[in-house]
Structures are given as C-alpha cells and as structure tokens.
C-alpha cells in the first residue's frame, strides 16, 4: 500500500537518495545530508508547534509499505519571504510611442519582484521514476491539498508553486546563460545549489534592480520563459487541474513559471467532505486501482499524525466502507470521521451525489 505521512528523522537517507535522483534544478532538496537533516528538524518543530511563522513548513513522504521504502517527497511552506526576501521576475509590458513617427510598440519586461511575500508554497515534489505509475504522482501532489483543506488556519489565503524551468542534464540553462551569467559569472548549477542551501543574499547584491527587456535576451532564452522542465510537465498539469494558474511570474534563474491560486479556490479544498467510517474485512473490499474504478483520496483528521491513502471505496447509507488494512494505514477506528476528496475533478458529481444521498437519508 502507498501511504502519505509526515517526514521523520529516519527518512534522512531516503531523502538524500531521492535528491540524487532529482538532479540539477531541484532547488528545494539539495543532495546535502546536513541540510536535509536541518530541513527535517524544522518540519518537526512545525508539527510540535515551536516554529516561528517564518520557519513553519511541512514535508511529507510517500511510503511503499510493502517494502517499507520511501519513494516520494512533497512539501508545503507556510509563509514565504518573512525572514529573507523571496525573489522572482514579473513578466510585464512597457509601451513606447511616438506620434511624430507614428510608431507604437509594446515590449515585454522582467522586473525583480517580492510580490509573493507571505504566500504559502507547494514545493519539494519528487517521485522515484520507478513509481511513476498507478496514479502515485497524483496522490503525492494532491495529498498536500487535503492537508491544507483540513488545516487552513496554518496557511495563507494565497498559495504558489514554483515550477522547475528548462535545463539539460549537464546543467545548461538557456535563460541563465543569456541573463544570469552576466551578473553572477558562475554556472547555473552552482547558483541553483546556493539558493537551495539558503545562501540567497547574492541575489539582492548582484541582480539588476531595473526592468530588463525580454527582446535583449537570446531567442533560445526567450523561448523558455514560463516553460517547464520536461520532467516537470506532469506536475504542472496536475496543479493546473486543481485550479492553479500561471500569473506572470517566473524564476530568476531558469525562468520556470510560478503557478498561483487562492487557497479557497483549490479543487480539493472545495470538494473535500467528511465521512464516518465503517470497517469490513479485507476480503470484502476491492483494493484494485484501475480505470474502471473511482479513485478517492482519504485521510484521517490528525494534524501531527496525518495519513492519506488512495482508495476505491464503497459508500453505504451514511458511511464510507474501508477495509481493516486501509483503516490501519490511516490509524482510525470504526465510527471515526475521515476526509474524502475525489482524486480527479471529473468525479465531483459522483461525490456530490453521495452527499445528497446522505442528506436525503438523514431527512
């Protein structure tokens, strides 16, 4: 079974291995054992309630319980830019006109911005390539939204997700070579690593403060603005299906797009419902996950002991039916309430019909 759960100290080696598989450009989880340990400790203080608002963050892992192996990671930062500036470029427009020459032009510009300060962020999403099947990627990305839906008081009214931009396996970034290198004179991979380990002061010290004309960049660099790395395209599509959109902001290093949304507008937040649980034997529950069955995300309602899995449950009267093994994975007992949301938006009507049936029975 695949389970989403909070990170623990015992996951350090697994995260280090995943960071190595992610490669250059995976800024939020550099392959550095000390930094991974520090990140885990910060996450634990968040759940314990001792972290400051600027420090608060959450890190979840996807575990294959059959092998007791961590195969994926995803995270949330509660509020960006409260302890040090959060930078990105805003893609804007400047108009130039001359009545005497009868000329009017519009040119795209890049302006250094801190406009997302205080926003929450979906981050650190990576799934082992061997597990990119059976909707595991959807569960890993969207389970965070189920957590946010339950505990909205810990997050901002707006949320963003920085998408990994275009670069190759050798660390060549067209956008960096055309822009960033002129100001930093270091390789993209080095700059990317420095930001990943928290050394971001050089951005403010060296980055130009005035708008830059996009037309001055090479054609290759212009083409990758707001485009994602080939391995990040599925992640972008998942978040867009949940209501997040590109709003004209890009990463200052690789030009990857920033997706954003009001937290209350996220599909999972709007469609989540709570159900009392009825538990039956494993033999009476179909555990298969295929295209003919309806997949749902379900989670317990525990903040510190959050657990989420993907199921194809049955609904009986006013209850959702789970197997003994599913209930054990969620650490719940019969009669307790769990949070339920369709894995895909097309299933909204089906869940709505179930809710209407419950209201009808109750009436």
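Before moving on, here are some points about what is shown:
- Residue-level check: of (1) farther than 29 Å from residue 309 by Cβ; (2) part of a strand (DSSP E or B); (3) in contact (Cβ under 8 Å) with a residue 24 or more places away in the chain, residue 96 misses just (3).
- The set of residues from segment 298-321 being closer than 30 Å to residue 57 by Cβ and either touching a strand residue (DSSP E or B) at 6+ places or on another chain (Cβ under 8 Å) or surrounded by 22 or more Cβ atoms within 10 Å (Cβ to Cβ) (or both) comprises 298, 299, 300, 301, 304, 305, 306, 307, 308, 309, 310, 311.
- Of residues in segment 63-93 being part of a loop (DSSP other than H, G, I, E, B) and within 20 Å of the chain's Cα centre (by Cα), the one surrounded by the fewest Cβ atoms within 10 Å (Cβ to Cβ): 82
- Counted residues, segment 113-134 - those being modelled with pLDDT of 95 or more and on the phi > 0 side of the Ramachandran plot: 1
- Considering segment 144-231, the qualifying helices (runs of 4 or more DSSP H), each wholly inside and each with 1 or more residues that are at pLDDT below 95, run over 181-184, 188-196, 201-206.
- Taking the criterion of being farther than 19 Å from residue 237 by Cβ and outside any loop (DSSP other than H, G, I, E, B), the residues of segment 250-268 that qualify are 262, 263, 264.
- Verdict on residue 47 being modelled with pLDDT of 95 or more and either surrounded by 17 or more Cβ atoms within 10 Å (Cβ to Cβ) or closer than 25 Å to residue 139 by Cβ (or both): yes
- Complete set of residues in segment 320-347 that are farther than 19 Å from residue 1 by Cα and without any contact (Cβ under 8 Å) to a residue 40 or more places away in the chain: 346
- Output for segment 67-88, where each listed residue is in contact with a strand residue (DSSP E or B) (Cβ under 9 Å, 6 or more places away or on another chain) and at pLDDT 95 or above: 69, 70, 71, 72, 73, 74, 75, 76, 77, 78, 79
The values are calculated or read from the model by the stated rules, or taken from the named source; none is laboratory data. Please read all numbers here as calculations on a predicted model, not as lab measurements. Every residue, glycine among them, receives a Cβ derived from its backbone with ideal geometry; neighbour counts consider all protein chains shown.
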